[in-house]
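Below you'll find the structure, written out as structure tokens, and then a few comments.
Values in this text are rule-based calculations from the coordinates and carry no lab data. Keep in mind the model is a prediction, meaning the values are calculated, not measured. Please note: Cβ atoms are built from the backbone with ideal geometry, for glycine as well, and neighbour counts cover all protein chains shown.
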Amino acid sequence: MNAPGKIQDMTGLQALQAAFSKPGSAPSIGRTLNFSPTSLEEGKVVFEGEPTEDHLNPLRTVHGGYAATLLDSCMGCAIHSTLPAGKTYTTLELKVNYIRAMRPSDGKVQAIGEVIHVGRSTATAEGRLIDANGRLLAHGTTTCIIMDN
């Protein structure tokens with residue numbers, strides 16, 4: 001039997017809130033790529049990031065992996081936020097459409113993930129990555145598998 005308060009006993013939304021509630025407790029990918037959540041609600045998660053010179057590709061624009069990671073994170077967490085206690089997920093498929101180049105001089109970006117469908121064994125979500133002026137930088141979709149913890 002799991003002790004109360006263990007991650008296995010939390011809903012997905014509770015687990016996300018716990019993961020981001022304490023300073024320094026956030027997953028290391030956010031520290032590495034300089035992004036963190038600004039909104040966690042059931043079925044919708046928003047991350048804010050600020051790409052730096054450390055995220056550039058040889059063309060001196062922000063590497064496409066930065067956008068893909070932000071979209072994967074916001075969409076996956078949107079799905080996670082809907083799961084009952086005892087369930088987890090992982091990405092099965094990620095599709096990203098790049099609309100315009102991103103540069104550090106563009107400032108902060110927002111990745112907004114929203115659930116489309118959550119079933120018994122799979123879930124889907126969509127995401128948009130926008131710049132500080134509201135311009136679309138990239139958008140994507142994901143399919144995740146839902147599993148027992």
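3J(HN,Hα) along the range 57-62, derived from phi through the Karplus expression 6.51 cos²θ - 1.76 cosθ + 1.60 where θ = phi - 60°, amounts to 9, x, 7, 6, 10, 5 Hz, with x in place of Gly and Pro. Taking amide H atoms as placed 1.01 Å from N in the peptide plane, the amide H of T82 lies under 5 Å from those of G43, each 5 or more residues away in sequence or on another chain. Full extension of the chain segment joining R103 with Q8 gains 30.2 nm, where the gain is 0.36 nm per residue of separation less the Cα-Cα distance.
Between T122 and R60, 0.36 nm times their residue separation minus their Cα-Cα distance comes to what?
Values: separation 62, 0.36 × 62 = 22.32 nm, distance 3.76 nm.
Computed gain between T122 and R60 is 18.6 nm.
If R0 equals 35 Å, the separation of the Cβ atoms of L92 and E53 corresponds to a calculated FRET efficiency of about 0.55. Per-residue Karplus couplings for the range 36-49, computed as 6.51 cos²θ - 1.76 cosθ + 1.60 with θ equal to phi - 60°, are listed in order as 7, x, 10, 8, 10, 9, 5, x, 8, 9, 10, 10, 10, x Hz, Gly and Pro entered as x.
Think of each Lys and Arg Cβ as +1 and each Asp and Glu Cβ as -1; about the Cα centre, that makes the dipole of the range 11-149 roughly 80 debye.
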